[in-house]
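Step one of this worksheet: look at the structure below.
What follows is calculated from the coordinates using simple rules that are stated; it is not laboratory data. Keep in mind that this is a model prediction, so the values were computed, not measured. Positions of Cβ are generated from backbone atoms using ideal geometry, with glycine treated the same way; all protein chains shown enter the neighbour counts.
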Amino acid sequence: MTERSLADLGEEGLLRLLTGRWKKTSRSVLVGVGDDCAVLRVKGGTLLFKTDAVVEGVHFASKTPPALIGRKALARCLSDIAAMGGRPLAAIITLGLPPEESPRRAGI
């Protein structure tokens, strides 16, 4: 039997494979994987938490200026927070680059 590719699985299928065995271990997680944002119970209310990736060749071209890549990455998360009626509080940056990439090209 041939193993399915990531393209065959799609995003939702991959999420099911990655998280299918997870047990809800915390009562503070009100909404988890699969929605626009995770919803966490925190002291005094709830917190929306969102992370998303933008990938070269998928979401932007290799010649795209770093500022526009960052803008797109932030806009995607802000849109999901707004869709759930939230207000942004802070931003988290995750950046994956090859070691030979120049800091200038990375927008640093």
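With a Förster radius of 30 Å, plug the Cβ-Cβ distance of residue 6 and residue 29 into 1/(1 + (r/R0)^6) and report the FRET value to the nearest 0.05. E between residue 6 and residue 29, to the nearest 0.05, is 0.70. Can you work out the PRE-style zone for residue 100? Point 7 Å along Cα to Cβ, and I want the residues of the range 55-93 with backbone N under 13 Å. No residue qualifies, since no backbone N sits under 13 Å from the label point. Ordering 98, 40, 82 by the projection of their Cα atoms onto the charge dipole of the chain, which places +1 on the Cβ of Lys and Arg and -1 on the Cβ of Asp and Glu, puts 40 at the extreme positive end. Under the rule a/c < 1.5 gives rounded, and otherwise a/b versus b/c splits prolate from oblate, where does the chain land using the Cα gyration tensor? In terms of gyration-tensor shape, oblate. Label sites at residue 46 and residue 71, each approximated as a point 7 angstrom past Cα along Cα to Cβ, lie 3.2 nm apart. Across the range 97-108, coupling constants 3J(HN,Hα) worked out from phi with the 6.51/-1.76/1.60 Karplus curve, θ = phi - 60°, read 9, x, x, 7, 5, 7, x, 4, 5, 6, x, 9 Hz, and Gly and Pro carry x. Backbone phi angles across the range 51-60, fed through the Karplus curve with coefficients 6.51, -1.76 and 1.60 (θ = phi - 60°), yield HN-Hα couplings of 9, 8, 10, 10, 10, 4, x, 10, 9, 7 Hz in residue order; Gly and Pro are listed as x. Per residue of the chain, the DSSP helices (runs of n ≥ 4 H) give a summed -39500 (n - 2.57) that works out to -10000 deg cm²/dmol at 222 nm. Summarising the label geometry, the points placed 7 Å from Cα in the beta-carbon direction at residue 79 and residue 38 lie 2.3 nm from one another. Residues whose amide H lies under 5 Å from that of residue 60, counting only those 5 or more places away or on a different chain, are 55; hydrogens are built 1.01 Å from N in the peptide plane.
Residues whose amide H lies under 5 Å from that of residue 29, counting only those 5 or more places away or on a different chain, are 41; hydrogens are built 1.01 Å from N in the peptide plane.
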